[in-house]
Protein chains: 2
Amino acid sequence: MAGVRCFILLYLLCLGSVQAGKLLVIPADGSHWTGMKPLVEELGRRGNQVVVVIPEASLSMGPSEHTTTLKYPVPYTKAQIQEGLSGGLDKVFSMDTSSDLAKLQIFFISMDVLKDFTVKNAEGLLFHKDLMAKLKDLDFDAILTDPFEPLGAIVGEFLQVPAIYMQVNHPCGVDFLASQCPSPPSYTPQRFTRFTDRMSFWERSVNMARTLLQPTACKLLFSRADEIASRFLQRETSMVEIMSRAELWLVRADFAFEFPRPLMPNMVLIGGMSAHKPKPLTQDLEEFVNGSGDHGFVVFTLGSMVSELPEAKAREFFEAFRQIPQRVLWRYTGVVPKDAPKNVKLMKWLPQNDLLAHPKAKAFITHGGTHGLYEGLCNGVPMVMIPLFGDQGDNVQRMVVRGVAESLNIFDITSEKLLGALRKVINDKSYKEKMMKLSAIHKDRPVEPLDLAVFWTEFVMRHKGAQHLRPAAHDLNWVQYHSLDVIGFLFLVLVTFICVMLKTCQFCFRRCCRSSNKKKKE
Amino acid sequence: MAGVRCFILLYLLCLGSVQAGKLLVIPADGSHWTGMKPLVEELGRRGNQVVVVIPEASLSMGPSEHTTTLKYPVPYTKAQIQEGLSGGLDKVFSMDTSSDLAKLQIFFISMDVLKDFTVKNAEGLLFHKDLMAKLKDLDFDAILTDPFEPLGAIVGEFLQVPAIYMQVNHPCGVDFLASQCPSPPSYTPQRFTRFTDRMSFWERSVNMARTLLQPTACKLLFSRADEIASRFLQRETSMVEIMSRAELWLVRADFAFEFPRPLMPNMVLIGGMSAHKPKPLTQDLEEFVNGSGDHGFVVFTLGSMVSELPEAKAREFFEAFRQIPQRVLWRYTGVVPKDAPKNVKLMKWLPQNDLLAHPKAKAFITHGGTHGLYEGLCNGVPMVMIPLFGDQGDNVQRMVVRGVAESLNIFDITSEKLLGALRKVINDKSYKEKMMKLSAIHKDRPVEPLDLAVFWTEFVMRHKGAQHLRPAAHDLNWVQYHSLDVIGFLFLVLVTFICVMLKTCQFCFRRCCRSSNKKKKE
């Protein structure tokens, strides 16, 4: 009996070792890690050898379950990252205009801060000889990384292992650029424009200009990473070129949210992957939300990075909440006015998904980050959205045009505006109805997004890549890809043909004239 | 107890009635029906009410399991279809050239024959008032049809039910045209060109011309269907316009076979759907193939439509088979020479998939129809391919460039050429190795193609469509879609800007000159 058991165990171990792969993970910080972590842990749980490489100081990255974590030294502390972040947020909240120029200015400032961290991270890992030698020795089957942190792509290129990128709304759209995915500017709005897929002539013109400028934007964004990659790999290269060799793009999008657009075969949509199953609420929370009666309650968070607001702005929120019959759960650690309304429960952290899944949840006030957005979508809760920075403006626009959300501006928010928006999404039944339909569509899928991401990551490990999904477009230069040489040639053929035809007609006509003249003379 | 049972039964019935939908199916004849039948039967088996509408006379269509079949009268017999088909095949076999012009001629002749059947079918069903009224009364949730038979699309448009099209290599590429799917001509070869995704300058030029002519090709191909649709629906319309309203395209393709290219969100790849699990061989077949020893055996079929060959051509095959150590199973009903080699077993019909799944199967001689091709791919058997007509030339090319097949020409085939090709794919191990890799990639998928097709068909029925997957491109005209107006406008802006700059420079320069002249004079 013991022999049989031993044999089964051995068989299972063999099976495990055949199926399991070795995966290197180089994630990006903040909400990017929140998005990638469930996949990384699930891959580890399934018996793959997963090694996560992170900097010694980070906002949210740390050891994850079923994985090995390796840290590399960096010349900054967690406090310094938080400081940089707060500085950026202060700029957002202190802006007195919501003009595109002001937004662009903030964008460039934050990009500069990010580029600075990129350089420090890259120098911390790439030139850490022992760690890089260790990674080489481990002989990985694939690397899973986030293009938001270019370091991973450079390491993957150096180790020459098949690369999988997990991506959502990259600032310069490197996912669509590097994968050579057609993005017709007439109905595919560029990121950070807040346009929908139905654009006016002016919007289409701006979108076209933005599309033409996309490669330049990526050059600017990756300027320092390009330089480091070229120096480290000892050849002239760029991040776009490195990323064009991606085996697979795991795109955190879903067409219940994203506008329909062409995709490439090596793009797998896994939007909503991190929206996990809700857990029951703690007793005090359950009591609080049940105490709201038929009016229900409102969930209010501005993402993992923002738990405070300038006092004056916060007051507008408190004033609005005082005037609604719903109870409010707000993730807030800022200054609380003395006469704060009693229907508001302030918390340092709140179980957002579990609360949104509660049948009494009536509305969700959110900044429009993708995680919260998919949780709201999954649970069918209409939203009041207040975008702060990054891709949030685009995300908000997508929900607003679907009639499931109202949008407000953080720069000129007042209690009246907030009250109006809240009452609209709660009392106008169309918001809830449309959200329930959208939610049903989003959740009706042949494979759960996490399982799909696991499958395709393991596929790349099993087959040492996914070259059969890589289009031949990558072997063409810009002129060839856009068929400009062919168009020129066909145009030349056409012109030649027309000229020859005209000359022939002219010649025939002259001959006819001449012969008739001759006849006349005769 | 009986009460409880009754309750459970009622609950299950309710559950069934909630989940099940009503589906109208209007298939196309021949191998198209072979491709669609497994899906239709599976949908019926799962409790959906499936009504299949077919003409009274057809090649292969007939009642299917778990479905209801309705027939409409047509002014032709099965014998007449077979006659038309034989006529076409005779032309293929009697051709003494494989030139593109000759192929085009055959293509147009066969298209004319098909168009004739289309008109007869359309008039048989569309103007059959009782049947059409019955279909309207049945209030379907969706229609599943094949764009190769335009009738289904017209019926769907008339009944105004969400339409799902199942498609493989449509002659004018209506699937990509009507779904507004970008097909960059630089690396997406047009159908019937036999080009690969890596084209020479000349091939790219031809491909570009073909791409530009695609709408005209569809107009020609659907000329009579367009006329019938306009007459029946009492408004000016075209098949491309009707099909552009598709909710979903079930595309019988897979990137283990097809060249990687962009896809639209409402396209679901289900290539290999009809390659079912192999069954054990009958005793006599098992004895025959096992008798081949280590040499193994060769499977030879030219599709469901061709079981005969002109005597002279057949002799070349017999001669080649005489010289190989393998045994041969050939689906052949033609003239047999007296001295036919003994290693050849001729059959009226053979279990192609079951034979290909046998470990002793060494090679597969096929015409390159998609069904056989996926069965060969699934079972990892290298091929000798002899394309006859339609998309077979393109299919063959795709297998040849992957190094898993050799291609021969039916017009100039000789026993030497066949022998050379057979020996190559059997004895050169690289063919088998590459085929096994391709087979592994093809079979490694998160959901089986049949389950995926079932899921998405039921999705459309559940949600009364899939509008969230329909791109806004459909709301743009040709000029807008290609941004020609925007390009013109941006060009004008650029020219104006340059002119203003030049004029300003000129003006400044003149002022400078004038002032310096003044100074000189002073």
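The values are calculated or read from the model by the stated rules, or taken from the named source; none is laboratory data. Everything numeric here is computed off the predicted structure, so don't read it as measured data. Don't worry about glycine lacking a Cβ; one is built from the backbone with ideal geometry, like all the others, and counts go over all protein chains shown. The accessibility values were calculated without ligands, DNA or RNA, using every heavy atom of the protein model including side chains. Shrake-Rupley method; radii C 1.70, N 1.55, O 1.52, S 1.80 Å.
Computed quantities for the displayed model
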item	result
Failed criterion for B:T457 (all others in (1) in contact (Cβ under 8 Å) with a residue 24 or more places away in the chain; (2) more than 21 Å from the chain's Cα centre (by Cα) hold)	(2)
Count - residues of the range B:459-493 that are small (G, A, S) and touching a Gly at 6+ places or on another chain (Cβ under 6 Å)	0
Members of the range A:410-427 found to be within 19 Å of A:F321 (Cβ to Cβ) and either open to solvent by less than 50 Å² (accessible area, probe 1.4 Å) or among the small types (G, A, S) (or both), listed by number	A:I410, A:I413, A:T414, A:S415, A:L418, A:L419, A:G420, A:A421, A:L422, A:V425, A:I426
Residue in the range B:217-225 that is in a helix (DSSP H, G or I) and within 14 Å of another protein chain (Cβ to nearest Cβ) present	no
Any strands (runs of 3 or more DSSP E) falling wholly within the range A:345-417 and containing at least 3 residues that are outside the structural domain of A:L309 (by TED's automatic domain parsing)	none
Meets criteria (open to solvent by 40 Å² or more (accessible area, probe 1.4 Å) and not β-branched (V, I, T)) for B:E458	no
Residues located in the range A:482-497, provided they are of a type in the set (S, T, Y) and at the interface with chain B (Cβ under 7 Å from one of its Cβ atoms)	A:S483
The range B:317-332, residues that are open to solvent by 60 Å² or more (accessible area, probe 1.4 Å) and closer than 17 Å to B:D412 by Cα	B:E319
The one condition in (1) open to solvent by 10 Å² or more (accessible area, probe 1.4 Å); (2) in a loop (DSSP other than H, G, I, E, B); (3) not hydrophobic (A, V, I, L, M, F, W, C) that B:E157 fails to fulfil	(2)
Boolean, A:G87 is outside any helix (DSSP H, G or I) and open to solvent by less than 60 Å² (accessible area, probe 1.4 Å)	no
Search result, residues across the range B:463-481 that are at the interface with chain A (Cβ under 7 Å from one of its Cβ atoms), open to solvent by 10 Å² or more (accessible area, probe 1.4 Å) and not hydrophobic (A, V, I, L, M, F, W, C)	B:H463, B:H468, B:R470, B:D475, B:Q480, B:Y481
Filtered residues of the range B:205-229 (kept if open to solvent by less than 20 Å² (accessible area, probe 1.4 Å), over 30 Å from A:V479 (Cα atoms) and small (G, A, S))	B:A225, B:A229
Of all residues in the range B:56-74 being within 16 Å of B:V119 (Cα to Cα) and touching an Asp or Glu at 6+ places or on another chain (Cβ under 8 Å), the one that is most open to solvent (accessible area, probe 1.4 Å)	B:P73
Some residue of the range A:39-46 being surrounded by 14 or more Cβ atoms within 10 Å (Cβ to Cβ), under 19 Å from A:F148 (Cβ atoms) and at pLDDT 95 or above	yes
Qualifying residue in the range B:108-120 (condition: open to solvent by less than 50 Å² (accessible area, probe 1.4 Å), in a helix (DSSP H, G or I) and either of a type in the set (K, R) or on the phi > 0 side of the Ramachandran plot (or both))	yes
The range A:403-454, residues that are within 12 Å of chain B (Cβ to nearest Cβ), within 30 Å of A:D100 (Cβ to Cβ) and without any contact (Cβ under 8 Å) to a residue 60 or more places away in the chain	A:K434
Number of the exception - B:V335 against (1) aliphatic (A, V, I, L, M); (2) away from chain A (no Cβ under 14 Å); (3) touching a residue at least 24 places away in the same chain (Cβ under 8 Å); (4) surrounded by 15 or more Cβ atoms within 10 Å (Cβ to Cβ)	(4)
Long-range neighbours under 9 Å by Cβ, at least six apart or interchain, first residue within 18 Å of A:P75 (Cβ to Cβ) and part of a helix (DSSP H, G or I) within the range A:128-142, second of a type outside the set (A, V, I, L, M, F, W, C) and open to solvent by less than 40 Å² (accessible area, probe 1.4 Å)	A:L131/A:Y72
Residue among B:L138, B:L89, B:L144, B:L131 that is within 21 Å of the chain's Cα centre (by Cα) and at pLDDT 90 or above	B:L144
Scope the range A:266-285; condition more than 9 Å from chain B (Cβ to nearest Cβ) and surrounded by fewer than 21 Cβ atoms within 10 Å (Cβ to Cβ); matching residues	A:H276, A:K277, A:P278, A:K279, A:P280, A:L281, A:T282, A:Q283, A:D284, A:L285
A:K434 surrounded by 15 or more Cβ atoms within 10 Å (Cβ to Cβ), within 26 Å of the chain's Cα centre (by Cα) and over 21 Å from A:P182 (Cβ atoms)	yes
Which listed residue, of A:L309, A:L285, A:L220, A:L302, is modelled with pLDDT under 95 and touching a His at 6+ places or on another chain (Cβ under 7 Å)	A:L302
Neighbours by Cβ (under 9 Å, 6+ apart or cross-chain): first from the range B:175-204, within 11 Å of chain A (Cβ to nearest Cβ) and among the aliphatic types (A, V, I, L, M); second outside any loop (DSSP other than H, G, I, E, B) and open to solvent by 30 Å² or more (accessible area, probe 1.4 Å)	B:M199/B:V206
Verdict on A:F288 being assigned to a helix (DSSP H, G or I) and either without any contact (Cβ under 8 Å) to a residue 24 or more places away in the chain or open to solvent by less than 50 Å² (accessible area, probe 1.4 Å) (or both)	yes
Among the residues listed as B:L248, B:L263, the single one being open to solvent by 20 Å² or more (accessible area, probe 1.4 Å), at pLDDT 95 or above and within 14 Å of chain A (Cβ to nearest Cβ)	B:L263
Residue list for the range A:297-315, filter: over 26 Å from A:G30 (Cβ atoms) and buried (at least 18 other Cβ atoms within 10 Å of the Cβ)	A:F297
Criterion violated by B:K78 - all others in (1) open to solvent by 30 Å² or more (accessible area, probe 1.4 Å); (2) under 25 Å from the mean Cα position of the chain (by Cα); (3) within 30 Å of B:A466 (Cα to Cα) satisfied	(3)
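Here is a yes/no grid of residues against (1) basic (K, R); (2) part of a helix (DSSP H, G or I); (3) at positive phi:
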| position | (1), (2), (3) |
| --- | --- |
| A:Y431 | no, yes, no |
| A:M435 | no, yes, no |
| A:S439 | no, yes, no |
| A:V447 | no, no, no |
| A:L452 | no, yes, no |
| A:M461 | no, yes, no |
| A:G465 | no, no, yes |
| A:D485 | no, yes, no |
| A:F491 | no, yes, no |
